[in-house]
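Q: Here it is: the structure, laid out below.
We did not get these values from a lab; they are worked out from the coordinates using the rules stated. Note that this is a predicted model, so its numbers are computed, not measured. No Cβ is skipped: glycine too gets one built from the backbone with ideal geometry, and neighbour counts run over all protein chains shown.
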Amino acid sequence: MTEYIENPALWALVVLLLIVIAVVVRQRKAAMALRQEIAGLREYYSDLEHHYMQSVAAAQEQAEEATKTVLKSAMRTLQGLAAEQQLILSRLQTKHGESVILQDLLEIDHTNSQFGRRAQSIAVLCDGWLGRHRDNASVYDVVRSAQGRVRHFRRVEILSQVDFGISSRAVEPVALALAELLDNATSYSSPDTVVEINIRTVPKGVAIVVDDAGVGMNDEERARAERLLSSDRVKSVAGLGNPPQFGLAVIGVLSERFGFEVSVDSSSPYGGVRAVVLLPHELLTSMPEKKAPAPPMTRSSVPPPQPNGPEPVPASPTTTDGLPLRRRKRPMAIVPGSAPTPIASARSGAETAAIMGAFQRGTRSGRAARGDDADQTSSTRGSSSEGHEFS
Amino acid sequence: MVSGPSLGERPSLQSRDYVAGGATQTAVKILVVGHFAVGKTTFIGSISEIEPLSTEETMTRAAQDLDDLKGVRGKTTTTVAMDFGRLTISDRVVLYLFGTPGQVRFVQMWEDMARGALGALVLVDPERLADSFAVIDLIEQYGLDYAIAVNNFDGNPQRAEASLREALDLLDDTPVVTCDARDEKSSAAALTTLVSYLLARAG
Amino acid sequence: MNGPEDFELEAAELVRPYVITKGRGLPDDDQLSLITLVTAAPEQVQRPLRLSPEEQRLLDLCSAGYLSVAEIAGHTRLPLGVVRIMLAGLTEAGYLITRPPVARARLADKELLEEVLSGLRAKFG
């Protein structure tokens with residue numbers, strides 16, 4: 001035995017063994033520590049990932065909110081301008097109702113209405129401003145208002161009417177939603193087809209039925225439409241695609257907020273889409289009374305005027321008596337045969353240039369006289385602080 | 001809030017509002033022109049068998065009535081309005097009087113008004129003679145025959161006809177009459193003078 | 001936000017005039033001038049429901065006699081051009097009949113002027 005004990009080789013072996021054990025133990029410890037560390041790191045990482053996701057979502061939300069806020073205020077300005085322009089156009093149409101210029105004014109009016117509607121739709125998606133206050137209006141007039149907001153309004157025909165009104169707060173939402181439906185109906189059907197509107201009373205209220213003769217929707221489109229109309233629609237403005245498809249999203253928001261139903265899930269008898277807007281009794285009123293009986297515009301009904309400051313008289317040549325002096329004009333051949341042949345020869349030989357000058361003078365003095373009108377239009381400038389707001 | 005360009009209540013017109021014997025009538029028109037506030041509306045009102053109507057807009061109605069005020073040196077916010085009256089002349093002829101504003105911004109409107117008119121009566125305020133120039137210029141350019149009616153405002157010194165003719169550069173045969181636009185007879189006399197003149201020129 | 005100013009802000013008409021005219025163009029002046037006389041056609045058995053309230057009211061207005069186009073516009077307070085477009089549409093559809101004013105050739109007619117002159121003299125002495 002002693003020989004073994006004294007054998008240095010054995011000691012060496014023992015030492016080696018101890019070393020090995022120590023190493024193994026240390027390694028195990030190290031491995032354990034490492035494993036713990038890794039686990040810790042993993043935990044930390046997932047924590048980090050979680051926080052990251054949260055902040056990204058928050059940032060997205062914030063960005064969406066910021067976008068909405070910017071858009072909302074930008075649209076408010078545009079809507080205000082469109083509304084202001086509409087008032088100016090109304091005034092011009094009455095003023096120049098007897099002139100061929102009316103035709104152009106009506107066209108500008110139509111373009112302006114479309115422009116206003118686009119801004120209004122974006123505003124709706126941004127929880128923005130719906131427009132100026134409206135009185136109760138007949139369902140028929142609300143439908144015609146919607147009709148006037150789409151490009152191809154001539155293709156829209158209203159085939160039936162009901163004796164109901166829409167309460168004031170729902171007038172704009174229903175008109176806008178219907179306009180978006182009509183825009184779809186006229187855009188996705190052939191230009192030579194008619195889009196029919198039937199207004200009917202139903203047990204639940206009043207239904208406005210829009211039938212187009214387009215190609216209809218396939219299952220996928222129908223599903224998408226349903227989704228946009230339902231409450232789990234795309235909530236972000238960014239999710240509307242490019243070019244953005246506002247229509248159904250706008251209708252979805254409006255119908256939810258104002259409590260009417262819109263469906264586009266059936267087919268029209270002409271093969272296209274049948275869209276139905278169902279207005280519940282809560283949004284309906286009796287047929288609105290016309291405004292105070294409009295008396296014919298006779299002079300006696302005019303309120304008393306308010307006299308004002310003096311009017312400048314332009315300086316010009318005078319007679320020997322000190323009276324202002326005019327120069328006779330020669331007839332222009334603008335109204336052929338409108339009068340017995342004018343005796344042009346007997347008149348003084350004013351040059352054509354002078355005649356045109358007189359025309360301009362006439363129009364200029366007219367314009368100058370209208371200078372005060374500019375003030376009237378400015379009374380509509382505060383358009384961004386009235387009307388009904390969402391939410 | 002405007003309720004729409006509604007027609008308001010169903011207008012309840014009485015039978016006298018309609019053209020008597022309309023089925024056989026020939027409609028003719030005479031323009032009554034002049035600058036702002038010269039009294040065109042008053043003139044038409046004094047002679048028309050119907051309450052003078054207007055295509056004026058509601059929003060600025062307040063300003064337009066200034067036209068009725070004699071001698072008013074008002075703010076010229078009046079809008080282009082066309083007001084008119086009617087006079088049944090006989091079983092065969094009904095005469096429309098169209099009051100046409102002095103502010104002439106749209107030549108087209110003048111074309112519409114002048115087309116088919118028998119002639120024009122130009123109302124003139126002697127104290128604001130220069131204001132009438134543009135409107136007389138236009139009448140001449142449209143080749144319409146006209147007579148001048150000097151609306152005789154109370155208290156204003158009457159100008160000698162000769163100096164008025166010189167200032168307005170009138171033809172020798174262009175009639176100049178004074179009238180009180182508020183007075184039916186006086187307005188009718190001015191109109192009669194115009195028609196006599198038109199007849200003389202037609203003959 | 002609601003200053004006193006805000007109450008003055010009004011919305012324009014809900015139904016725009018170009019919708020009322022159904023986007024149609026102005027008729028020729030020869031077809032419907034200011035002094036064209038208009039009345040409802042005698043055989044108006046039934047009016048289709050398709051007529052707008054404005055058209056219905058124009059027909060009502062014209063149902064009891066003749067009025068000039070200018071007078072109709074004055075009674076309705078619609079822009080004259082809008083009224084002319086609607087009247088032209090109703091005439092084409094056979095609801096109205098029109099009597100155009102004196103032909104241009106007759107304007108210089110001495111007889112016509114004589115009639116006006118004697119009428120004025122008879123009326124006002």
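Q: Can you pull the one-decimal nm distance between simple spin-label points at A:Thr69 and A:Val14, each 7 Å off the Cα toward Cβ?
A: Each label point is offset 7 Å from its Cα along the Cβ direction, giving 8.1 nm.
Q: Give a residue-ordered list of calculated ³J(HN,Hα) values for the range B:44-49 (Karplus: 6.51 cos²θ - 1.76 cosθ + 1.60, θ = phi - 60°; whole Hz; x for Gly, Pro).
A: 5, x, 6, 10, 6, 7
Q: In addition: Here are some pairs, B:Lys40/C:Lys123; A:Lys68/C:Lys22; A:Lys329/C:Lys123; A:Lys329/B:Lys185; B:Lys40/C:Lys110; which of them have Cα atoms lying more than 30 Å apart in this structure?
A: Cα-Cα > 30 Å for A:Lys68/C:Lys22; A:Lys329/C:Lys123; A:Lys329/B:Lys185; rest within.
Q: Fewest first, what order do C:Arg50, A:Arg330, C:Arg77 take by the number of other Cβ atoms within 10 Å?
A: Ranked by crowding around the Cβ, least crowded first: C:Arg50, A:Arg330, C:Arg77.
Q: Right, next: Suppose R0 equals 60 Å. What FRET efficiency, 1/(1 + (r/R0)^6) with r the Cβ-Cβ distance, do B:Asp91 and B:Ala160 give to the nearest 0.05?
A: For R0 = 60 Å, the calculated efficiency reads 0.90.
Q: Could you order peptides C:15-22, A:21-28, A:202-209 by the average number of other Cβ atoms within 10 Å of their residues, highest first?
A: The densest-packed peptide leads the list: C:15-22, A:202-209, A:21-28.
Q: Right, another one. So, R0 is 35 Å and r is the distance between the beta-carbons of A:Arg257 and A:Glu49; what FRET efficiency does that work out to, to 0.05?
A: 0.40
Q: Take peptide B:84-94, look around each residue's Cβ out to 10 angstrom, count Cβ atoms belonging to other protein chains, and average those counts.
A: Per residue, the average neighbour count from other chains is 5.
Q: Quick one: which residues, 5 or more positions from A:Ile166 or on another chain, have an amide H under 5 Å from its amide H? H modelled 1.01 Å from N in the peptide plane, none for Pro or chain starts.
A: The answer is A:Ala137, A:Ser138, A:Val139, A:Thr285.
Q: Could the peptides A:257-270, A:118-131, A:36-49 be put in order, highest first, of the mean number of other beta-carbon atoms found within 10 Å of their residues?
A: Listed from highest to lowest mean packing, they are A:118-131, A:257-270, A:36-49.
Q: Then there is this: Could you work out the local net charge near B:Val122, counting Lys and Arg as +1, Asp and Glu as -1, over the other residues with Cβ closer than 12 Å to its Cβ?
A: Combined, the nearby Lys, Arg, Asp and Glu give -3.
Q: Take peptide C:53-59, look around each residue's Cβ out to 10 angstrom, count Cβ atoms belonging to other protein chains, and average those counts.
A: Partner Cβ neighbours, averaged per residue: 4.
Q: Also, quick follow-up: Modelled label-to-label distance, A:His152 and A:Glu221, 7 Å Cα→beta-carbon offset: nm?
A: Label-label distance for A:His152 and A:Glu221, simple model: 1.3 nm.
Q: Continuing with this model, one more query. Sequence-distant or interchain residues sharing an amide H contact under 5 Å with B:Ala27, placed H: which?
A: B:Val94, C:Val102
Q: Using Cβ counts within 10 Å as a stand-in for footprinting exposure, how do C:Ile35, C:Ile97, A:Ile251 rank, fewest first?
A: Going from sparsest to densest Cβ surroundings: C:Ile97, C:Ile35, A:Ile251.
Q: Pop a pseudo-label 7 angstrom from the Cα along the beta-carbon direction at both A:Asp321 and A:Gln62 and give the gap in nm to one decimal.
A: Using points 7 Å along Cα→Cβ, the separation is 8.3 nm.
Q: Can you give the FRET efficiency to the nearest 0.05 for A:Ser190 and B:Glu49, using r as the Cβ-Cβ distance and R₀ = 51 Å?
A: Step by step, r from the Cβ atoms, then E = 0.40.
Q: Now for a separate question. Averaged over peptide A:105-114, how many Cβ atoms belonging to another chain are found within 10 Å of each residue's Cβ?
A: 4
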